[in-house]
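Student: I have a structure here, written as structure tokens, and I will follow up with some questions on it.
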């Protein structure tokens, strides 16, 4: 079992610890619901040090990443800019989704998921065989996510003067380095916030300082309901190696231009796009009592024994106060999609669901 630098802090706070991708992580600190609302309305802090931070350096690093990733890092022109992308198999299946930061012409930083970190690193090293670059996992760094509408003002109140202007002026999906601090204005909650990478001791000090300022510690449970309300995919549930970005609502992360950029998986994606008949990735809102669950089949009311889709991520939404889900509707069933009344079965009852376009919530507001 692996432990983050903040493990003892979680124990001291009475967190309920659970195994997650070989790590011992906090699920919640007493009330997942309170943690969720704290992020939506104030500010919360997450220990996300289980995520893998990987630095790629070398004269061919840009060329390599243009081959490795479905999105095109040529879009990153200013140091500090970030890009969300999928890393694909040759067949187009999603190996992982990640964020890549452009730091210098010969230095990029990736942040990949904990559950896929070893597989990702093995894949990256294998694909990099013919490129001149160095690959280093930064196990010396912890990672904290400070999220919520009061994230900026709260963080500014607890950091040194030379960092305050950086935090205040940092644009969304941008990062800045100052000494030991790597600060990015990114997150997985649908709220404003920062993801900060620091040496372990400094990260512990920042955690203590923010908790003293009244920031709520938050666990994996609230992180999941927040990202679901924000319509953000979770690797392993909404997509994996059996699905392509075109099947997971992530077609916007594929950079088709320039046409001569031969990234891994491109040929398979082009064939799939040309063939059409793709599943539709949608949001669902349950219109009755119950909870939507992962892998729950979706039916038409007219044909309640033949599934027309499947829930990929489902849960109770603390903000909407009802069950919501991300789901995939099968391509052969999409005809006259809006006229088909869709239902799920809960305790042998047919409960209607409304099909919506995610996200459900952004910046504290219900937007469906």
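Read-outs throughout are calculated quantities, based only on the coordinates presented, and are distinct from any laboratory measurement. Nothing here was measured: the structure is a model prediction, and the numbers come from that model. For neighbour counting, all protein chains shown are included, and Cβ atoms are generated from backbone atoms with ideal geometry for every residue, glycine included.
Student: Label 7 Å along Cα→Cβ of residue 166; region 186-220 residues with amide nitrogen under 19 Å?
Tutor: 186-187, 193-210
Student: Further question on the same structure: Translational D (Stokes-Einstein, µm²/s) of region 106-199 at 4 °C and 1.567 mPa s when Rh comes from the Kirkwood sum over C-alpha pairs?
Tutor: Taking Rh from Cα pairs, D becomes 87 µm²/s.
Student: List the relative contact order of region 150-227 as a percent without decimals, with contacts defined as Cα pairs under 8 Å and 6+ residues apart.
Tutor: Reported relative contact order: 25 percent.
Student: Hey, with R₀ at 30 Å, roughly what FRET efficiency would residue 156 and residue 240 work out to, going by the Cβ-Cβ distance, to 0.05?
Tutor: Plugging the Cβ-Cβ distance into 1/(1 + (r/R0)^6) gives 0.15.
Student: Here is a further query. May I ask you to work out the translational diffusion coefficient for the chain at 25 °C, viscosity 0.890 mPa s, via Stokes-Einstein with Rh from the Kirkwood sum over Cα pairs, reported in whole µm²/s?
Tutor: Answer, rounded: 114 µm²/s.
Student: Would region 184-324 count as rounded, prolate or oblate if I go by the C-alpha gyration tensor, calling it rounded below 1.5 in a/c and otherwise prolate when a/b exceeds b/c, oblate otherwise?
Tutor: oblate
Student: With springs only between Cα atoms under 10 Å, which of 166, 324, 340 fluctuates most in a Gaussian network model of the chain?
Tutor: Highest fluctuation among the options: 340.
Student: Can you give me the distance in nm between label points at residue 12 and residue 132, each placed 7 Å from the Cα along the Cα-to-Cβ direction?
Tutor: 4.9 nm
Student: I would also like to ask the following. Over the chain, with a Gaussian network built from C-alpha contacts below 10 Å, which listed residue (262, 321, 201) shows the highest mean-square fluctuation?
Tutor: Its mean-square fluctuation being the largest, the pick is 321.
Student: With contacts defined as alpha carbon pairs under 8 Å and 6 or more residues apart, what's the relative contact order of the chain in percent?
Tutor: Across the chain, relative contact order equals 18 percent.
Student: Same structure again: Among 269-275, 41-47, 214-220, how do they line up from the highest to the lowest mean number of other beta-carbon atoms within 10 Å?
Tutor: 41-47, 214-220, 269-275
Student: Percent relative contact order of region 279-366, based on C-alpha pairs within less than 8 angstrom and at least six residues apart?
Tutor: 37 percent
Student: GNM, the chain, Cα, under 10 Å: largest mean-square fluctuation among 74, 15, 255?
Tutor: Comparing 74, 15, 255 in a Gaussian network model of the chain, the most mobile one is 74.
Student: Now for a separate question. Quick check on region 257-368: take the gyration tensor over C-alpha atoms, sort the square-rooted eigenvalues as a ≥ b ≥ c, and tell me if it's rounded (a/c under 1.5), prolate or oblate.
Tutor: It comes out oblate by the Cα gyration axes.
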